[in-house]
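So the structure is just underneath, and the comments pick up after that.
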């Protein structure tokens, strides 16, 4: 499937007043594909945002530590539709998670020009904004999809780098409204449909899962799907330890996310809204949002440290 090539945009916050080393300035540049943008700190790649022609959805292709070590895996041979960090569900029965004939398309419509700067606290920060129409596959090639959208999404990804704390933080916020294609949408999906992360193959055997309730029991190929304020995966790799944490927010429908957690046959973490148990239904004029924080630390974090981070995150959001 070939879609019109959009321009990816990066909008960054205004500069602060804290001095940083010369290699601490964020940069944004297109990679080999004109629809991929790379966010780097000096010569260290922190994030790659991808919308290559022929794909079904925009997604985060790479997300790394402050040292530029990427933790994610894109389109592995066993599940080509598993993009490193992606959001997908079913809308009125249409599958936006998988990517085969007949699946839905998340089509970027409008973007903002790239900017670079710092957060109000003086930390390097990048904000990516996109308007996305969620479409039936037969509508994806229309020159104007404003009347064909099932959902209209304003996606905002904000990347903040805190070098002293060895942290890269990505705030994923999606604001939705019901599109003109229908008067009502029912959001459903499998127990893993939501905001999902697939990890590098060499990290799979090292994955140690943790949530606010403690380590889930994933022995004997078990999966865990339980509600928590956060879920995390630590990788005790010699010389390159890392912890990736995913935090939900009470403003999301149904409050705490239901975290789908799996270690075998590969490590996976997904924040869901339990759409397999009960649909979320919205009508024309309704607006709703998803609000998540993903952090990557170049260290192994304790449960107590993650709890403190979760409290700060919830207190910082309205």
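Figures for the structure shown
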{"item": "Among (1) touching a residue at least 40 places away in the same chain (Cβ under 8 Å); (2) in a loop (DSSP other than H, G, I, E, B), the one test that residue 107 misses", "result": "(2)"}
{"item": "All positions within segment 41-69 that are crowded, with 19+ Cβ neighbours inside 10 Å and in a strand (DSSP E or B)", "result": "41, 46, 47, 48, 49, 50, 59, 60, 61, 62, 63, 64"}
{"item": "Number of the condition not met by residue 219 [criteria: (1) out of contact with any strand residue (DSSP E or B) (no Cβ under 6 Å at 6 or more places or on another chain); (2) at pLDDT 95 or above; (3) over 29 Å from residue 149 (Cα atoms)]", "result": "(2)"}
{"item": "Residue match in segment 249-264 (condition: surrounded by fewer than 16 Cβ atoms within 10 Å (Cβ to Cβ) and farther than 30 Å from residue 186 by Cα)", "result": "yes"}
{"item": "Hits in segment 209-242 (condition: closer than 25 Å to residue 317 by Cβ and either without any contact (Cβ under 8 Å) to a residue 24 or more places away in the chain or in a loop (DSSP other than H, G, I, E, B) (or both))", "result": "212, 213, 229"}
{"item": "Which listed residue is at pLDDT below 95, in contact with a strand residue (DSSP E or B) (Cβ under 9 Å, 6 or more places away or on another chain) and crowded, with 23+ Cβ neighbours inside 10 Å, from 107, 29", "result": "107"}
{"item": "Qualifying residue in segment 130-142 (condition: crowded, with 16+ Cβ neighbours inside 10 Å, under 19 Å from residue 63 (Cα atoms) and at pLDDT below 95)", "result": "yes"}
{"item": "Residue 126 vs. criteria outside any strand (DSSP E or B) and either in contact (Cβ under 8 Å) with a residue 60 or more places away in the chain or closer than 27 Å to residue 190 by Cα (or both)", "result": "no"}
{"item": "Residue among 271, 245 that is in contact (Cβ under 8 Å) with a residue 60 or more places away in the chain, in contact with a helix residue (DSSP H, G or I) (Cβ under 9 Å, 6 or more places away or on another chain) and crowded, with 20+ Cβ neighbours inside 10 Å", "result": "245"}
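The values are calculated or read from the model by the stated rules, or taken from the named source; none is laboratory data. Only a predicted model underlies this, so the values are computations on that prediction, with no experimental measurement involved. Quick reminder, even Gly has a Cβ in these numbers, built from the backbone with ideal geometry, and neighbours come from all protein chains shown.
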